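Let me begin by presenting the structure, written as structure tokens, before commenting on it.
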Amino acid sequence: MIEINSQEIRYFYRNIVKSGNVYRIKYNNKDYGEFKKLSDALYERDALFYCNFDYDLLVECDLENKYENTVLPPFPEKRSKGRIKGIKVNKKEREGEILFNHKEKGFYIKKGEKIFGYYASMTEAFYYKKILMENDWDENALKKNITARIEMNLKLDLTKEYEVKLNYCPNCRSKLKINQEECPSCGINIKEYLYSN
């Protein structure tokens, strides 16, 4: 059972509003769906916070539902007025921030006074920030997780052979894992399908 102080119940159920028999997730005056089970609403809320309320990132989110088999504290019937007492969380101190340097013409990650690299795009900076957060801001994690950068405006040399990694099945368009040989949905051998067509 999750033990929680009665003053902190409001913080535990933040951004969740009960209307009738359903629970709704609300953030910045936007509605992010309704759920019949409170545990599902809590899981979706945590996943949305993890992905900065971006549905494109939410598709790839793989957080486990830690609320599924736990006894949750009772949902407050009335919301008390005023600020939430107790935990004050400074998001910049905990998660750092991504800023743009006009002189260097690149994005960089800043946590406290420390700066972590310069990146060409916001997406790349966000990707490396996520790696740093998962590894407790250890810079060695960046050296281990070096990924190949794809140049978008690069002219292809037609005499050269390039390595291609498929993210989706060419037949049924279901998502594939890296270096997967058979599609989990339609069961075709991907290499045989590509060479036969």
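The values are calculated or read from the model by the stated rules, or taken from the named source; none is laboratory data. This one's a predicted model, so the numbers in the text were calculated from it and none came from an experiment. Here the Cβ positions follow ideal geometry from the backbone for every residue, glycine too, while neighbour counts run over all protein chains shown. SASA here: full protein model, heavy atoms, side chains in, ligands and nucleic acids out. Shrake-Rupley method; radii C 1.70, N 1.55, O 1.52, S 1.80 Å.
A few notes on this one:
- Residue count, the range 100-141 (criterion: assigned to a helix (DSSP H, G or I) and under 21 Å from the mean Cα position of the chain (by Cα)): 14
- Looking across K105, K66, K36, K81, one residue alone is in contact with a strand residue (DSSP E or B) (Cβ under 7 Å, 6 or more places away or on another chain), exposed (fewer than 13 other Cβ atoms within 10 Å of the Cβ) and either within 17 Å of Y13 (Cβ to Cβ) or modelled with pLDDT of 80 or more (or both). It is K36.
- Single match in E93, E8 (criterion: of a type in the set (D, E), more than 24 Å from M133 (Cα to Cα) and at pLDDT below 80): E8
- Among the residues of the range 9-61, those identified as among the charged types (D, E, K, R) and in a helix (DSSP H, G or I) are R10, D40, E44, R45, D46, D56.
- When the range 111-135 is filtered for residues that are among the basic types (K, R) and either out of contact with any strand residue (DSSP E or B) (no Cβ under 8 Å at 6 or more places or on another chain) or open to solvent by 60 Å² or more (accessible area, probe 1.4 Å) (or both), the ones remaining, listed by number, are K111, K114, K130.
- Annotation note: Cβ proximity below 7 Å between a residue of the range 107-124 that is at positive phi and a residue that is among the hydrophobic types (A, V, I, L, M, F, W, C) (sequence gap 6+ or interchain) occurs for G117/I109.
- Filter result for E182 (among the acidic types (D, E) and surrounded by 11 or more Cβ atoms within 10 Å (Cβ to Cβ)): yes
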